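A short reminder: the numbers here are calculations on the coordinates, not readings from a lab. This one's a predicted model, so the numbers in the text were calculated from it and none came from an experiment. Neighbour counts are summed over all protein chains in view; Cβ atoms, including those assigned to glycine, are modelled from backbone coordinates with ideal geometry.
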Amino acid sequence: MKDTFLLYAAFLVLFLAACSRTEPEISYAVMRLAYVQENGVVKERFSFFVLATDEDGMENLDDLYLYHDREGLRWHLSERDWIALQQDGKMWLGSGSIAMIDEEPLPRGLYRAVLVNKAGEEAARNISFDPPVEPRFPFPSLSVADGNYVIDSKYPVNYLLGYNEEGNYIQTIRAPALRGAIADLKFSSNVKSTALWAEDQLYSTSALTDARPVN
């Protein structure tokens, strides 16, 4: 293909035809303070999610950026990096591990989210970030043993994130109860471990536990 101009041109036409010419949309954007457990140690991280849509489907979305223009900061998420949370038929894209170098606190103030699809079309939305100093609830925990899971969480909403054998995120399921059978969660067969993502939406705080093997 790369040796002939005609084949290259045909490939290029097919590629362009497959790309959307409609802009993506960010209906809502939010940043939250997240407490993340890493090897048993809880550290502060900052989560960033956008309510995203694209007329050609979510698979047409390519890149998500977060800017703090005043401080000259930028974070980049590709489809390999972001977490996708589906709720009430709507898709949230983002990350629970936005962080500063040397564990410094994230600047408060105005941020800007930019969503880009495969055609290069963009959508942007501003975010005001001013979380509380302390969360309302203690850090939660997740245990998995003998095919069952147990969640110890005071947070109002709890999700279970599924990871494959390489540790890559592949699925999110809202926890139907604080304890139950792993099989009842209907995880994909590729899910080999799970972590708890707990949300305090009112006060914009969340918590992410270490992953636990599911079998």
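Rounded to the nearest 20 debye, the dipole size of the range 141-213 about its Cα centre is 160 debye, using +1 on the Cβ of Lys and Arg and -1 on the Cβ of Asp and Glu.
Kirkwood-based Rg over Rh for the chain (C-alpha set), two decimals?
Working: Rg = 19.3 Å, Rh = 18.8 Å.
Rounded to two decimals, Rg/Rh equals 1.02.
Along the axis of the charge dipole computed for the chain (Cβ charges of +1 for Lys and Arg, -1 for Asp and Glu, origin at the Cα centre), the listed residues Ile151, Ser204, Met91 are led at the positive end by Ile151. Across the chain, Cα pairs under 8 Å and at least six residues apart give a relative contact order of 20 percent.
Between 0 and 90 degrees, the angle of helix 5-18 with respect to the longest Cα principal axis of the chain falls at about 50 degrees. Relative to the Cα centre, the charge distribution of the chain, modelled as +1 at Lys and Arg Cβ and -1 at Asp and Glu Cβ, gives a dipole magnitude of about 380 debye.
Calculate for the chain the 222 nm mean residue ellipticity that helices alone would give, adding -39,500 (n - 2.57) per DSSP H run of length 4 or more and normalising by residue count, nearest 500 deg cm²/dmol.
Details: 1 runs with 14 residues, N = 215.
Mean residue ellipticity at 222 nm (helix-derived): -2000 deg cm²/dmol.
In the range 141-213, a dipole from Cβ-located charges (positive for Lys and Arg, negative for Asp and Glu) runs towards its positive end, and of Ile173, Ser193, Leu142 it is Ile173 whose Cα lies farthest in that direction.
Take the range 25-129, drop everything but the C-alpha atoms, weight them equally and run the Debye formula without solvent; then report log10 I(q)/I(0) at 0.12, 0.16 Å⁻¹ to two decimals. Each listed q corresponds, in turn, to -0.40, -0.69.
Remark: the Asp146-Ala124 segment gains 3.3 nm on full extension, using 0.36 nm per residue and subtracting the alpha carbon distance. The average projected area of the range 82-159, computed from the convex hull of its Cα atoms over all directions, is 8.8 nm².
Estimated translational diffusion coefficient (Stokes-Einstein, Kirkwood radius over Cα pairs, 10 °C, 1.306 mPa s) of the range 141-213: 129 µm² per second.
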